[in-house]
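Peer 1: The structure that follows is given in the form of structure tokens.
The values are calculated or read from the model by the stated rules, or taken from the named source; none is laboratory data. In this text the structure is predicted, and so the values were computed from the model without any measurement. Please note: Cβ atoms are built from the backbone with ideal geometry, for glycine as well, and neighbour counts cover all protein chains shown.
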Amino acid sequence: MRVGLSYNVKPAHSPAHLPEDAFEEYDSEATVGHICNALSALGHEVVRLGAGPGIIDALRRHQPDMVFNIAEGEGGRCREAHVPALLEMLGIPYVGSDPLTLSVTLDKPVAKRLVASGGFPTPGFRTFRSAAAFSDEGLSFPVIVKPAFEGSSKGVRLSSRAATPEQAREMVRFVTETYHQDAIVEEFVPGPEVTVGIVGNEEPRVVGIMEIAPKKVPNEEFVYSLEVKRDWENQVEYRCPPSFPAGTIAEIERCAVGIYLLLGCRDFSRIDFRIDGSGVPQFIECNPLPGLSPGYGDLPIMADRMGVSYLSLISEILSHALSRQEVSGR
Ligand SMILES: Nc1ncnc2c1ncn2[C@@H]1O[C@H](COP(=O)(O)OP(=O)(O)O)[C@@H](O)[C@H]1O
Ligand SMILES: [Mg+2]
């Protein structure tokens, strides 16, 4: 089969007028290379499509049978939907979630409203257009202030956790003025952080549950911020599986699978939670385009810890996409 790979790579240099994490979500050349190698090892002919407007010509030229999509897209809260929407228009099957799922999950307030409507716990929040509009009414502190539609900890710093309304207002200023979008101000859950990897469709399979445990601070102060992610070897320890009581593990799995289905995820995703003082998993966000870098991405790391090799992981994701096409054409 000829498999196209759609992706955005980090530019070598970020223009000076952009924030330091402007291209944080994009993949490295190395990651693209690893996925290409895995697809070739599975016996496929691989063509690199990139992303952006050039992909239209690349698709016409290469005529792939299937596209393995990891493109984060460019600009706006629907950017992750751009490539899948184009592929749907052209009738080309692709791996991963559809434009609606990619859009609602990128917008954290929208995703949280949907998840809450399904009865799954998620921290209380408000959104603000500017620092001037900020009000602490209805919020209990501490809170965390994040851009409404970013990923990879873009716009999340150690200082994003705010203990007072004054600090929160300053972080709303930082987010809205730097990233030109609403700030979500969310109640901070002080317990352990976990991320859950899921693959599949009708009967999603939990690949692993991984605790991201801070090495240098207690959980109550831990933010998996840009600073921490860039220095993860020193800052965090991955525990997969975590040593939680069986009931907590079961509840994390129930919520993760339920939210995966509720948000319409396909083939693979990663869902982040923090566990509150009562052992309840509080939904933080869903990543239907989780990082696939073998040594760095949480999903490949947890798969590896659970005895699933990188090649098997890529193979399993691709097989789910293929059987979905065969069964329903969706
Ligand atoms: N409500 C919250 N309570 C506690 N920590 C949070 C909360 N929201 C985010 N965080 C911390 O900030 C990190 C990044 O936030 P997240 O919403 O996952 O954004 P991103 O899409 O950039 O990964 C999380 O991994 C977690 O450590
Ligand atoms: Mg996250």
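Peer 1: Filter segment 144-170 for residues that are closer than 20 Å to THR122 by Cβ and away from ligand 2 (no atom under 16 Å from the Cβ); which is surrounded by the fewest Cβ atoms within 10 Å (Cβ to Cβ)?
Peer 2: Applying the filter and picking the extreme gives ALA162.
Peer 1: Look through segment 208-221, keep the residues that are over 18 Å from THR248 (Cβ atoms) and surrounded by 13 or more Cβ atoms within 10 Å (Cβ to Cβ), and return whichever of them is farthest from the chain's Cα centre (by Cα).
Peer 2: GLU221
Peer 1: Residue check: is SER278 among the polar types (S, T, N, Q), under 30 Å from ALA163 (Cα atoms) and more than 14 Å from ligand 2 (Cβ to nearest atom)?
Peer 2: yes
Peer 1: Suppose we filter segment 150-175 for residues that are part of a loop (DSSP other than H, G, I, E, B) and either near ligand 1 (Cβ under 9 Å from one of its atoms) or without any contact (Cβ under 8 Å) to a residue 12 or more places away in the chain (or both); how many remain? If you could, list the steps in order and put the result at the bottom.
Peer 2: So the first thing to find is which residues in segment 150-175 are part of a loop (DSSP other than H, G, I, E, B), and the list is 150-157, 163-164.
From what is left, the residues that are either near ligand 1 (Cβ under 9 Å from one of its atoms) or without any contact (Cβ under 8 Å) to a residue 12 or more places away in the chain (or both) are 150-156.
Within segment 150-175, residues that are part of a loop (DSSP other than H, G, I, E, B) and either near ligand 1 (Cβ under 9 Å from one of its atoms) or without any contact (Cβ under 8 Å) to a residue 12 or more places away in the chain (or both) number 7.
Peer 1: Given the structure, is THR178 surrounded by fewer than 19 Cβ atoms within 10 Å (Cβ to Cβ), assigned to a strand (DSSP E or B), on the phi < 0 side of the Ramachandran plot and more than 16 Å from ligand 2 (Cβ to nearest atom)?
Peer 2: Judged against the criteria, THR178 is not a match.
Peer 1: Could I ask something else about it? When the residues of segment 239-275 are narrowed to those that are in a strand (DSSP E or B) and over 17 Å from the mean Cα position of the chain (by Cα), which ends up nearest to GLU193 (Cα to Cα)?
Peer 2: In this case the residue turns out to be ILE275.
Peer 1: Among the numbered conditions (1) touching a helix residue (DSSP H, G or I) at 6+ places or on another chain (Cβ under 9 Å); (2) aromatic (Phe, Trp, Tyr); (3) at pLDDT 95 or above, tell me where TYR296 comes up short.
Peer 2: Just one mismatch for TYR296, condition (3).
Peer 1: Could I ask something else about it? Across segment 176-194, which residue is nearest to the chain's Cα centre (by Cα) among those that are more than 8 Å from ligand 1 (Cβ to nearest atom) and under 30 Å from GLY208 (Cα atoms)?
Peer 2: For segment 176-194, the residue satisfying everything is VAL194.
Peer 1: Also, quick follow-up: Checking the condition closer than 23 Å to ASP272 by Cβ, surrounded by 14 or more Cβ atoms within 10 Å (Cβ to Cβ), at pLDDT below 95 and not basic (Lys, Arg), which residue from GLU80, GLU24 passes? Give the derivation first.
Peer 2: Values: GLU80 fails: at pLDDT below 95.
Sole residue among the options that is closer than 23 Å to ASP272 by Cβ, surrounded by 14 or more Cβ atoms within 10 Å (Cβ to Cβ), at pLDDT below 95 and not basic (Lys, Arg): GLU24.
Peer 1: Same structure again: Within segment 54-106, considering only helices (runs of 4 or more DSSP H) that don't extend past its boundaries, which have at least 2 residues that are within 14 Å of CYS265 (Cβ to Cβ) and assigned by TED's automatic domain parsing to the domain that holds GLY291? Spell out the reasoning first.
Peer 2: Details: elements: 54-62, 82-90, 99-106.
So the answer is none; nothing clears 2.
Peer 1: Residue under question is VAL185, and the condition is that it be part of a strand (DSSP E or B) and β-branched (Val, Ile, Thr); does it hold?
Peer 2: yes
Peer 1: A further question follows. If the requirement is being without any contact (Cβ under 8 Å) to a residue 60 or more places away in the chain, crowded, with 18+ Cβ neighbours inside 10 Å and not in a helix (DSSP H, G or I), which of these qualifies: PHE134, PHE120? Please lay out each step first, then the result.
Peer 2: Details: PHE120 fails: without any contact (Cβ under 8 Å) to a residue 60 or more places away in the chain.
The match here is PHE134.
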